[in-house]
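Everything below concerns the one structure shown next.
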Amino acid sequence: MLLPATAQPMLDSITQKLSALGCHQVVLALSGGLDSMVLLYLLKQWQMQQAGRELKAVYVHHGLSPNASAWADFCAAQCALLQLPFLVENVSIQGRENLEAKARSARYQALQSYVSTSDTALCTAHHADDQLETLLLALKRGSGVAGLAGIATQQPFAAGWLLRPLLDFSRDELRALAEAAAVPFIQDESNQNPAFDRNFLRLHVLPALTSRFPAIAKTSSRSMQLLGEVQQANDYLLQPLLARLQQKQQLDLAGLQQHPLPVQQLLLRAFLQQFGVNPSSSVLAELIHNLVAAKADAKPLIRLGDIELRRYQQQLYLFTAADLAMMQLQQKHNAAVWLQPGQQLKLQDGRILCWQENIGAAQQSSACWPLPVGITEPLRLEFGGFSRKFKPAGASMHKPLKQWLQLWQVPPWQRGAVPLVIAGQQIVGVLGYASSCTAAEAKSWLLQAAAVKL
């Protein structure tokens, strides 16, 4: 197989990009259309010129067109002519709403299993005109820098990479190569349906733009590349700032407010994106107003999809669906329980408690709770009842438990899961926070293991 000289810039681009990623194996997402067929022939040339390279093609059968099976057969025949492995992945799309997005998501999900090593790249045939369409759609949505940056040339995917090596070339350049090399391809009838936004742009908007501004696909692609670099710089600069403010699923709001509002928004978005939430600008503005800038004594609660956001003592707390389910379980099952000397007791949150008469000084740690002299009956663990009074070791007076929990900055939603250690009618400890006696005064100890932070 010999391609014309006009193919060389595209072939050089493919070779350079795959080499930079260290990829020796390529999986091509093949549809049979002009773009992916041109890329198939280019990749075959790459394989022939590079020793030890592997290439296979995969057709994702969505079942959305009555011609889908015929297209799969066409792709199989073309790969057979080129002596390339070819596979078909069947996927099912539920519902017709957001069909383009659903099909795209199903396609990438089906292709993940083919990228199982770090030297494997999944290649797609996106080009500069696709970038221009993406830019116009992003402008329509009012997207920020990340959205306006468009389609990334490369990004991590499964165990390897997702690579789009033709983004620097226009649809006209690909078509000219297909004609010069007599590359066969199929026509997808759905591409003529203007009901889809991309098709509307491709059929009615881009022809007018390219007629007036022939280079607009390439020049807009350069602008999007620059925006992508700005986004990468933002991410790089935000990482150390976020690391100083974030503690697992908590965010320091006092520290956040030390930054200008645009930086606050970027940091808050970066924090939420770690948990699968990508808020719009309007949602971010609402979060800043209701969570960050709220009065000090405010206790707002906001739900975003499956997560819940709460504020307490200048801290933002994020709860996943699993966290919320665990909290409900604890509230339902936190009944009083009894503990005998030497017995082990497992709490709902995974902590394991054991009451021991004596332990050596070497065993004493923050997970050991001293118990006062004179306990002759089983210990009881209770939850709630915060009007009862308690005097921690070293304190000058008894206070209601609610006041101590506020002093220890225990968020209100966690207080019901804090075990109170009761001997007779006396509170002798608040597990995780305080005991009524010091280590020197202790006669016995409550040992805690496998602690799970709520």
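Among the listed residues GLN249, GLN192, GLN231, GLN187, which satisfies the condition of being polar (S, T, N, Q), under 30 Å from ALA68 (Cβ atoms) and in contact (Cβ under 8 Å) with a residue 24 or more places away in the chain?
After ruling out the rest, the residue left standing is GLN187.
Do you know which residues across the range 373-412 are of a type outside the set (A, V, I, L, M) and in contact with a Ser or Thr (Cβ under 6 Å, 6 or more places away or on another chain)?
Listed by number, the list holds a single entry, PRO400.
Restricting the range 1-19 to residues that are of a type in the set (A, V, I, L, M, F, W, C) and exposed (fewer than 12 other Cβ atoms within 10 Å of the Cβ), which is modelled with the lowest pLDDT?
MET1
Looking only at the range 1-56, count how many residues are in contact with a Phe, Trp or Tyr (Cβ under 9 Å, 6 or more places away or on another chain), charged (D, E, K, R) and not in a helix (DSSP H, G or I).
2
Exactly one of (1) at pLDDT 95 or above; (2) surrounded by fewer than 22 Cβ atoms within 10 Å (Cβ to Cβ) is unmet by LEU122. Its number?
So LEU122 meets the others, but not (2).
Please enumerate the residues belonging to the range 397-416 that are modelled with pLDDT under 90 and aromatic (Phe, Trp, Tyr).
If the condition is that a residue be modelled with pLDDT under 90 and aromatic (Phe, Trp, Tyr), then TRP408, TRP413 are the ones that fit.
Scan the range 62-79 residue by residue and report those that are in contact with a strand residue (DSSP E or B) (Cβ under 6 Å, 6 or more places away or on another chain) and more than 21 Å from GLN192 (Cβ to Cβ).
Residues satisfying the conditions are ALA76, CYS79.
The values are calculated or read from the model by the stated rules, or taken from the named source; none is laboratory data. It should be emphasised that the depicted structure is a prediction, and the values quoted were computed from it without experimental measurement. Glycine also receives a Cβ, built like all others from the backbone with ideal geometry; neighbour counts cover every protein chain displayed.
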